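The values are calculated or read from the model by the stated rules, or taken from the named source; none is laboratory data. Just so you know, these numbers come straight off a predicted model, no measurement behind them. Methodologically, a virtual Cβ is constructed for each residue, glycine included, from the backbone with ideal geometry; neighbour enumeration extends over all protein chains shown. In case anyone asks, the SASA skips ligands and DNA or RNA and just uses the protein heavy atoms, side chains included. Shrake-Rupley method; radii C 1.70, N 1.55, O 1.52, S 1.80 Å.
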Amino acid sequence: MKRVLPPGYSPLPFNPALGVPQQVQVTAGGRSLAVSLVAVTADLVATLTAPPVAPVVDGASEESRRTQSVGDARAVLAAPPPAALGISAVRPYLVVVDAGRVLGSAPVVVGRPLAFGTSASSGLLLEVLFLDLRLAAGSLVEPGDVGSRILAGFRDPAVSSAGQPRQPVAVEGDPHDRLD
């Protein structure tokens, strides 16, 4: 399934073949911002020794609902570490910097817009949306085409939302009447 950025979003030019960390420049709110995609690994040795094409970040699993419960949390915490690097051992983060000042960092969650620069004085400067993120172990070690995918976009809320309400408008009548 090919995903397309929603209206108002411009693509972030991340190149999966360049590996991670990676930084791109965007202009929002009249400022030049540096947007960096980084990945934090819980097991560096496993990351370095994993096959380069082994998936370590899969946005589809982030999007899907978790139907399993942990069960006994004490048993999970006392269990020995897994033999292989799991998808949960690597966590991608997005960091936004404005003129050397960090506006914010947030864990990447596919399908959820990430807002940066929200404060009483600065307002919302940038909103980033990831539609697809798949990182292979090799992309965390060195640049190369190892099957990673990155599809992300950004929007400048000051430009994109002119005339658009931030919250959905309440619909008159019974909402159940609109169900098929």
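For the range 48-59, the criterion of being open to solvent by 70 Å² or more (accessible area, probe 1.4 Å) and under 21 Å from VAL95 (Cα atoms) is met by no residue. Every condition in (1) touching a strand residue (DSSP E or B) at 6+ places or on another chain (Cβ under 8 Å); (2) modelled with pLDDT of 85 or more holds for GLY147 except the one numbered (2). Residue count for the range 20-61 under the criterion of being of a type outside the set (Val, Ile, Thr) and more than 14 Å from SER139 (Cβ to Cβ): the result is 16. Taking the criterion of being small (Gly, Ala, Ser) and in a loop (DSSP other than H, G, I, E, B), the residues of the range 1-40 that qualify are GLY8, GLY19, GLY29, GLY30.
A Cβ distance below 8 Å, combined with a sequence gap of six or more or placement on separate chains, defines the contacts here; from the range 6-31, residues that are closer than 24 Å to ARG134 by Cβ and acidic (Asp, Glu) reach no residue that is open to solvent by 20 Å² or more (accessible area, probe 1.4 Å) and in a loop (DSSP other than H, G, I, E, B).
Within the range 33-44, if we keep just the residues that are out of contact with any helix residue (DSSP H, G or I) (no Cβ under 8 Å at 6 or more places or on another chain) and free of Cβ contacts under 8 Å to residues at least 60 places away in the same chain, the residue that is most open to solvent (accessible area, probe 1.4 Å) turns out to be LEU44.
Hey, does the range 72-93 have a residue that's at pLDDT below 80 and of a type in the set (Ser, Thr, Tyr)? The answer is yes, given that some residue of the range 72-93 is at pLDDT below 80 and of a type in the set (Ser, Thr, Tyr).
How many residues does the range 5-21 contain that are open to solvent by 20 Å² or more (accessible area, probe 1.4 Å) and more than 18 Å from ASP156 (Cα to Cα)? Matching residues across the range 5-21 total 5.
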